[in-house]
Structures are given as C-alpha cells and as structure tokens.
1. Restricting attention to segment 202-261, report how many residues are in a loop (DSSP other than H, G, I, E, B) and not aliphatic (A, V, I, L, M).
2. Taking the conditions exactly as written (surrounded by fewer than 20 Cβ atoms within 10 Å (Cβ to Cβ), among the basic types (Lys, Arg) and farther than 30 Å from Thr254 by Cβ), does Arg147 satisfy them or not?
3. Could you grab me the full set of residues in segment 41-67 that are more than 16 Å from the chain's Cα centre (by Cα) and either in a loop (DSSP other than H, G, I, E, B) or surrounded by fewer than 18 Cβ atoms within 10 Å (Cβ to Cβ) (or both)?
4. What pairs come out if I take residues in segment 183-196 that are of a type in the set (Ser, Thr, Tyr) and pair them with residues that are surrounded by 13 or more Cβ atoms within 10 Å (Cβ to Cβ) whose C-beta lies under 8 Å away, six or more apart or interchain?
5. Cβ-Cβ below 9 Å, separation at least six or inter-chain, first residue in segment 261-273 and assigned by TED's automatic domain parsing to the domain that holds Pro200 and of a type in the set (Lys, Arg), second part of a helix (DSSP H, G or I) and surrounded by 13 or more Cβ atoms within 10 Å (Cβ to Cβ): which pairs?
6. If you check Arg122 against the conditions, is it buried (at least 19 other Cβ atoms within 10 Å of the Cβ), closer than 30 Å to Leu209 by Cβ and of a type outside the set (Asp, Glu)?
7. May I ask you to list the residues in segment 51-76 that are basic (Lys, Arg) and farther than 16 Å from Lys14 by Cα?
8. Kindly list, by first and then second residue, each pair from a residue in segment 228-240 that is touching a residue at least 24 places away in the same chain (Cβ under 8 Å) to a residue that is of a type in the set (Ser, Thr, Tyr), limited to pairs with Cβ atoms under 7 Å and residues at least 6 apart or on different chains.
Amino acid sequence: MPPKKRHKNASALKMVGQLLANYRRAAGYTQQSLATTLCLDEETIASIEQGRRPLKSDLAEQLDEVLDTKGSLAVAVANLPEYDKYPLWAEEFIDREKEAVSIDWFENQVLPGLLQTEDYARAVFRSKEPPLDADDLDIQVAARLDRQDILQRKCPPSASFVISEAVLLDRLGGDAVRREQLRRLRRDAELPGLSLQIMPLGRETHAALSGPFILLETPDHEHLAYVETQRGSMLVSEANEVSILARKYAMLRTQALNSEESRSLLDRLLGEA
C-alpha cells in the first residue's frame, strides 16, 4: 500500500475525530459527560476524537441524535475512504472472527488481541521490526480495538483464552501499561461467556509447545483454526488438522489453572504490580 494512501486515510480518521470534538464542545458536553450519556467509557470518546479509534456507523448515528448534528457524523463516516487495516494474509481470518459463535485462543508470547488495552496494543505494534510509521501505527491500533467489539455484541461468542503466565510477567510498554492491562484482564475474567485461564510457569508437560493458535466455530458450525508465523498466517479448514488442534486445546485447558485459580493469580499480580 503506497505511503501516500496510508497518510490520507489516517488523516481521515483524525478529521472525523476533530469533527466530533467540535460538535461535542458546541453542545456543551465534556468527554466524560458524553460518554456517560451514551453508556461508554470516556477513553472511547477520547480515542475517537484523537483519531486512534474509528467511529462506527451505529455510534455515529447515536452521536448525531444526542448532539443534534443532523446526520453529519453518520455522513462523514459513510464517506470515509477504505484503508487496509489488516495484512492481506489475515483478512479472511478477521472476517471469520467477526461472525464466530465460539473462539478458543492460546497465546504464549503476547496477550490475545481481543483482550488488549489500547496502550498495550500500541506497545505491541511499536515493537514491530522494521518499525511502523506513526500513521500506520495509529491505523493498526484502531483496527485492533475495532475487533474487540465482538465481545460486546448483544449475543457475543463463547470465548475461551489460555494464556501463558510469562505473558503476564512481561512489561511491554512499561509498568503503568502492565498494571492497566492486568486490571483489564481481571475485569474481562468476570464477563459472562468468557473463560480466562493461565498456564502457570514451571510445568513438566505442555500440550502446545509449537506455539499459539486460535479455533473458531462459524454460525454454520464450520470448525476452523488459525496459526501465524513471523511472515504470514494460515487459516486451516481441513477437518483432521482442526481436530488435532482442538485436542491440543482441550489438553491445555486441563493443564492450565482453572478460572477461579486464574482470577486469584491475577489478583496477586495486581497486588504486586
């Protein structure tokens, strides 16, 4: 993707954000009061206004109604230029993830993207080599946060995560980012339909030494798997291969701490952070 196009699209996100900020101030709202009116986090409004998170069409319509802006934000969002939020090799997986009825996810290097805070995600993308430019970084972080909306759907997918304890001990972004991320995980661990388990350090056996992977079930009950490498990824649909990974995941869940033990570990880490 040519750099000129990337800059244009990053600027478009910031333009919509500035438009929202101007309308908000004109209507007499602070970021906090507007977020409260819409039952959102203040950080969501702040991220949109700063161009770090895309404004979704349904939220744009709500904002137009609250701010009495005659549909201006919805029109602006509808006319935003398309941009490549994801690498081509990951786009099919992202499409399947959006509609999944169940997600099983094992990670041993970084936290699952669906559970990352904005600052943690930014630290992840800042670690890329070669480094991303500022506009690309903003687009990638916004896209990651955008994906997390599936956990807030009216009927969210059943979601299970097994995460290596080593990931929780890492300090991507620094101590403050780590503390915020641990608090986010602790809150997520209480969500209905979401299971969070920690694979403790010091085990003598481990069912997935070959690395992380994700299992998906589609609305049509098709079972898929997804694995990434340093320079690409693979969406697996062959039944036998998916079955092997499903058996690995089932074994991981028996080897990891259960949900209650995992929440207790998070509480202990929060007390030490």
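1. Qualifying residue count, segment 202-261: 18.
2. no
3. Passing the criteria: Glu42, Ala46, Gln50, Gly51, Ser57, Asp58, Glu61, Gln62, Glu65, Val66.
4. Ser195/Ala159; Ser195/Ser160; Ser195/Phe161; Ser195/Ser259
5. Arg263/Arg186
6. Yes: the conditions hold for Arg122.
7. Lys70
8. Here the result reads Ser233/Tyr226; Leu235/Tyr226, each pair linking segment 228-240 to a residue that is of a type in the set (Ser, Thr, Tyr).
The values are calculated or read from the model by the stated rules, or taken from the named source; none is laboratory data. A quick note: this is a predicted structure, and the numbers were derived from the prediction, not measured. Ideal geometry is used to build each Cβ from the backbone, glycine not excepted, and the neighbour counts take in all protein chains shown.
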